[in-house]
Amino acid sequence: MIFIVGPTCSGKTSTSIELAKKIKGAEIISADSRQVYKYFSVGTAKPAGKWEPLKGKLAFFCEGIAHHLVDFLDPGNYFSAGSFAELASEKAAEIKKRGGTPVFVGGTGLYIDSFINGIAAMPQRDETIREELLKLEKKRGRAYLHKKLEEADPISAKNIHPNNIHRV
């Protein structure tokens, strides 16, 4: 496996494509948290490409190189580092089974870290609780929710800004 990581606009994508062209069977696995979504081409530096068949499945091809975990998820769908680690593991195994080399490329360090080191088991998201908390935020405000967090977990509350409602 090869990993090409770095900050936004540092040439990771073009470097990965050029490298993949030189390695027989190389395929790219995107480790970018925004390129997974369909319709988000602007502002994500998603490579221009199209969906084509690959061994009985479809893959996103750019300059003749298969790219995985790109342009496959509808906006609004939940995708996490854990989701990435699971799917990236599957894709890497498929590529290796075909005799190829997985080339990971992206700037979402948490995704790369979760793939390499694994991720702690987390409880499943409960959309009912999330909706209730969002209603409470609208009705009582962020400060109220942060106060509730302080009561339940003072250490976390100390480290999470009240405006960071996603973490609260």
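The values are calculated or read from the model by the stated rules, or taken from the named source; none is laboratory data. Remember, predicted model here, so these are calculated numbers, not experimental data. Cβ atoms come from the backbone with ideal geometry, glycine included; neighbour counts cover every protein chain shown.
Odds and ends about this structure:
- The combined condition, being assigned to a loop (DSSP other than H, G, I, E, B), surrounded by fewer than 16 Cβ atoms within 10 Å (Cβ to Cβ), at pLDDT below 90 and not hydrophobic (A, V, I, L, M, F, W, C), is not fulfilled by GLY99.
- Scan the range 61-93 for residues that are of a type outside the set (A, V, I, L, M) and either in contact with a Phe, Trp or Tyr (Cβ under 6 Å, 6 or more places away or on another chain) or buried (at least 17 other Cβ atoms within 10 Å of the Cβ) (or both) and the total you get is 10.
- Selection status of SER14, modelled with pLDDT under 95 and touching a helix residue (DSSP H, G or I) at 6+ places or on another chain (Cβ under 8 Å): no
- The residue that is farthest from the chain's Cα centre (by Cα), counting only those in the range 143-168 that are among the aliphatic types (A, V, I, L, M) and farther than 17 Å from ARG130 by Cα, is ILE155.
- Among the residues making up the range 102-133, those that are within 30 Å of TYR144 (Cα to Cα), assigned to a helix (DSSP H, G or I) and without any contact (Cβ under 8 Å) to a residue 12 or more places away in the chain are GLU127, THR128, ILE129, ARG130, GLU131, GLU132.
- Taken over the range 35-89, the criterion of being part of a loop (DSSP other than H, G, I, E, B), of a type in the set (A, V, I, L, M) and free of Cβ contacts under 8 Å to residues at least 40 places away in the same chain is satisfied by VAL42, ALA45, ALA48.
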